[in-house]
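Trainee: Let me give you the structure first, and then I'll get to my questions.
The values are calculated or read from the model by the stated rules, or taken from the named source; none is laboratory data. Predicted model, so just to flag it, every value in this text is computed and none were measured. Note that we place each Cβ from the backbone using ideal geometry, even for glycine, and neighbour counts take in every protein chain shown.
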């Protein structure tokens, strides 16, 4: 069995300052940044999902940002395979792979391994997607709560992608998502510290509001409108995977005429705050996490990262 690839992981809630800190690490360590955010993989939404800007990308190599079509789903397992392959490539060039993002399950898949769930038949997924469109995510979440209460309690009742995934696994394999994650795990692909920016919600909330307003001013509505023109399924009433993220979903409702721009902004901000709170809860429950303040922790982070890398050389 191959040894896990050494990586540095930088996580934290949305808006906590990961991008700036990652660029600092990349400069000091000779690193390359690999996306670990499930929304920033989509090509149509660089602004809405807060992907690094062209100027930021010019300051260090970036990988796995904005490569996926809006209609295509991506699982944590598929992302982990891609991220590990990219980390191996970066390491082969004598550089340091820096995994940066806010999707906890991505870090878990990479550092702890994945449930070895077999491929699900396309007709199972299609049938559940049709039910989701007809009944709505809350109804299917209620069904999941009866079948797999442990996993249902961990996800939002309107998290379409995770609800669908859990139900398709149950229907396709006869076993719950929780069972698979407790009984059939693969070996970790990477190894390294998980640094987490522990940004309190009171500190984060005003920054999230300012960032959202900056996105709207920079053209978030126009970006969503262009994406909708390229997404006939979304125009006809479906919600392709790329539209399920926070910001994208609220803007889609606005473009469909269901909400005013003011209502869209209010929902977007409320859902972003709620998501940040869930992210904080998830990361704070990780025993392996090394917590850092969202401001002023650069020296401590750099010292710890260098210590890990030096230790790997001596091993």
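Trainee: Condition check: under 30 Å from residue 17 (Cβ atoms) and not in a loop (DSSP other than H, G, I, E, B). Does residue 124 satisfy that?
Mentor: no
Trainee: For the range 19-45, which positions are in a loop (DSSP other than H, G, I, E, B) and within 17 Å of residue 104 (Cα to Cα)?
Mentor: Selection gives 36, 37, 38, 39, 40, 41.
Trainee: Next up: Condition first: closer than 26 Å to residue 66 by Cβ, at pLDDT below 90, loosely packed, with under 15 Cβ neighbours inside 10 Å and out of contact with any strand residue (DSSP E or B) (no Cβ under 7 Å at 6 or more places or on another chain). Can you find one or more residues in the range 237-259 that meet it?
Mentor: There is at least one residue in the range 237-259 that is closer than 26 Å to residue 66 by Cβ, at pLDDT below 90, loosely packed, with under 15 Cβ neighbours inside 10 Å and out of contact with any strand residue (DSSP E or B) (no Cβ under 7 Å at 6 or more places or on another chain).
Trainee: Scan the range 36-70 for residues that are under 20 Å from residue 233 (Cβ atoms), buried (at least 17 other Cβ atoms within 10 Å of the Cβ) and in contact (Cβ under 8 Å) with a residue 60 or more places away in the chain and report the count.
Mentor: 9
Trainee: Could you list all residues from the range 280-300 that are assigned to a loop (DSSP other than H, G, I, E, B) and either outside the structural domain of residue 204 (by TED's automatic domain parsing) or free of Cβ contacts under 8 Å to residues at least 60 places away in the same chain (or both)?
Mentor: Listed by number, the residues that qualify are 285, 287, 296.
Trainee: For the subset of the range 178-208 comprising residues that are part of a loop (DSSP other than H, G, I, E, B) and under 25 Å from residue 4 (Cβ atoms), which member is modelled with the lowest pLDDT?
Mentor: Within the range 178-208, the match that is modelled with the lowest pLDDT is 184.
Trainee: Continuing with the same structure: Take the range 20-35 and flag every residue that is touching a residue at least 40 places away in the same chain (Cβ under 8 Å) and more than 14 Å from the chain's Cα centre (by Cα).
Mentor: 21, 22, 24, 25, 26, 28, 29, 30, 31, 32, 33, listed by residue number.
Trainee: In this structure, does residue 264 turn out to be under 28 Å from residue 98 (Cβ atoms) and surrounded by 13 or more Cβ atoms within 10 Å (Cβ to Cβ)?
Mentor: In short, no.
Trainee: Output yes when any residue across the range 96-109 is surrounded by fewer than 17 Cβ atoms within 10 Å (Cβ to Cβ) and not in a helix (DSSP H, G or I), and no when none is.
Mentor: The answer is no; no qualifying residue exists.
Trainee: Tell me which of these residue 73 doesn't satisfy, since it passes every other one: (1) within 23 Å of residue 278 (Cβ to Cβ); (2) surrounded by 17 or more Cβ atoms within 10 Å (Cβ to Cβ); (3) in contact with a helix residue (DSSP H, G or I) (Cβ under 6 Å, 6 or more places away or on another chain).
Mentor: Looking at each condition in turn, residue 73 falls short on (2).
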